[in-house]
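Read the structure below first, then the notes.
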Amino acid sequence: MLDAFVSPWPWYLAGPLIGSMVPLMLWIGSRSFGISQNLEHMVAITQPSMIGVHFFKYDWRASRWSLGFAGGTVLGGFLAGVVVPNPESVALTESARTMIEGWGFTQGIGLVPPEMFDLSLRNLLLLFAGGVLVGFGTRYASGCTSGHAITGLSTLQPQSLFAVLGIFGGGMLASHLLTPFLA
Amino acid sequence: MRLIPYVIAGIVFGFTLMKSEAASWYRIQEMFHFQAFHMYGIMISAVLTGFIGAQAFRLLVGRPSLEGAPIAIPRKTPGRFRYPLGGLVFGLGWGAIGLCPGPIFALVGSGSLGAAVVLGGALHGTWLYGAVERYLPS
């Protein structure tokens with residue numbers, strides 16, 4: 001029983017669980033499932049009220065539900081990664097393993113490569129810069145993989161299709177032309 | 001108290017991102033190089049589940065939700081450039097550091113300092129967007 005919580009989950013368990021967030025959020029409070037708007041709320045919370053950017057001057061308290069969801073996501077990450085962590089490395093296909101080793105990345109246990117996520121000055125700058133792109137892009141597109149690829153596509157919103165095409169195009173460019181040189 | 005259903009949903013979401021390895025840089029590179037079906041299987045089955053669930057909820061539009069507000073399916077705001085361009089910028093970051101916002105929060109919970117640095121960058125990127133948004137094509 002516990003083993004089911006320790007081992008990795010197949011896509012046909014994970015996908016429906018993630019997709020069920022769409023009707024679940026509608027049922028709880030008629031909300032649109034998504035997580036990246038919390039980045040905006042977190043900036044709105046920390047920005048001093050007298051000075052700062054107009055964009056963040058709104059009542060973030062109306063979005064406490066969303067912050068609660070993000071808090072739950074952090075807690076879920078703690079449970080999965082600390083309480084019942086998978087003791088084995090990610091079971092990549094042979095071709096993917098060969099590819100990333102060719103780039104100079106290694107695989108330990110854990111979900112991210114030490115060559116990029118162990119804290120060195122270079123990695124601090126790299127991870128911060130990557131985060132800036134993620135934050136800027138998801139706010140410009142007003143949504144990320146959750147809000148657009150999952151909620152938007154499953155509720156047939158054309159804007160989300162354009163966002164997903166942009167996301168996938170950007171991801172392809174980076175993963176093929178940039179990431180191979182980042183080890 | 002009203003937050004509890006959202007927190008529980010978040011726990012399931014974060015746990016699933018970790019256990020499905022959707023929060024893994026390795027899986028994201030594998031996906032962008034079409035070397036495994038795993039991530040596509042997650043996305044396709046998630047969208048199908050969401051679609052079926054949202055269709056079912058169309059029958060309930062107007063009925064009260066758990067919180068009391070009437071159920072409606074929220075619509076995205078109009079815009080022509082913001083969606084593909086914003087998506088492109090986000091995708092460039094995602095393809096490089098392998099984390100999108102859900103996994104960033106989940107990995108921070110798992111104690112990854114690297115993910116915390118990414119979150120710090122994402123907050124600064126968000127602020128930067130807020131500072132320049134009126135100059136960007138919508």
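So, of the residues in region A:138-183 that are touching a Leu at 6+ places or on another chain (Cβ under 9 Å), free of Cβ contacts under 8 Å to residues at least 40 places away in the same chain and more than 30 Å from A:R97 (Cα to Cα), which turns out to be surrounded by the fewest Cβ atoms within 10 Å (Cβ to Cβ)?
Result: A:L161.
Would you be able to say whether some residue in region B:59-66 is part of a helix (DSSP H, G or I) and either modelled with pLDDT of 95 or more or more than 7 Å from every other protein chain (Cβ to nearest Cβ) (or both)?
Checking region B:59-66: not a single residue is part of a helix (DSSP H, G or I) and either modelled with pLDDT of 95 or more or more than 7 Å from every other protein chain (Cβ to nearest Cβ) (or both).
Return the residue satisfying two criteria in turn: it lies in region A:48-66 and is more than 8 Å from chain B (Cβ to nearest Cβ) and assigned to a loop (DSSP other than H, G, I, E, B), and of such residues it is nearest to A:S30 (Cα to Cα).
Per the stated criteria, the residue is A:D59.
Considering only region A:125-150, how many residues are in a helix (DSSP H, G or I) and in contact with a helix residue (DSSP H, G or I) (Cβ under 6 Å, 6 or more places away or on another chain)?
Adding up the residues that qualify gives 17.
Can you confirm whether B:P103 is more than 7 Å from chain A (Cβ to nearest Cβ), at pLDDT 95 or above and either outside any loop (DSSP other than H, G, I, E, B) or at positive phi (or both)?
yes
Suppose the filter is facing chain A (nearest Cβ under 7 Å) and out of contact with any strand residue (DSSP E or B) (no Cβ under 9 Å at 6 or more places or on another chain); does B:I97 pass it?
Considered against the rule, which asks whether it is facing chain A (nearest Cβ under 7 Å) and out of contact with any strand residue (DSSP E or B) (no Cβ under 9 Å at 6 or more places or on another chain), B:I97 comes out as yes.
So in region A:16-32, with the set limited to residues that are more than 17 Å from B:I4 (Cβ to Cβ) and either in contact (Cβ under 8 Å) with a residue 40 or more places away in the chain or basic (K, R) (or both), which one is surrounded by the fewest Cβ atoms within 10 Å (Cβ to Cβ)?
Only one residue fits best here, namely A:S32.
The values are calculated or read from the model by the stated rules, or taken from the named source; none is laboratory data. Please read all numbers here as calculations on a predicted model, not as lab measurements. Neighbour counts are summed over all protein chains in view; Cβ atoms, including those assigned to glycine, are modelled from backbone coordinates with ideal geometry.
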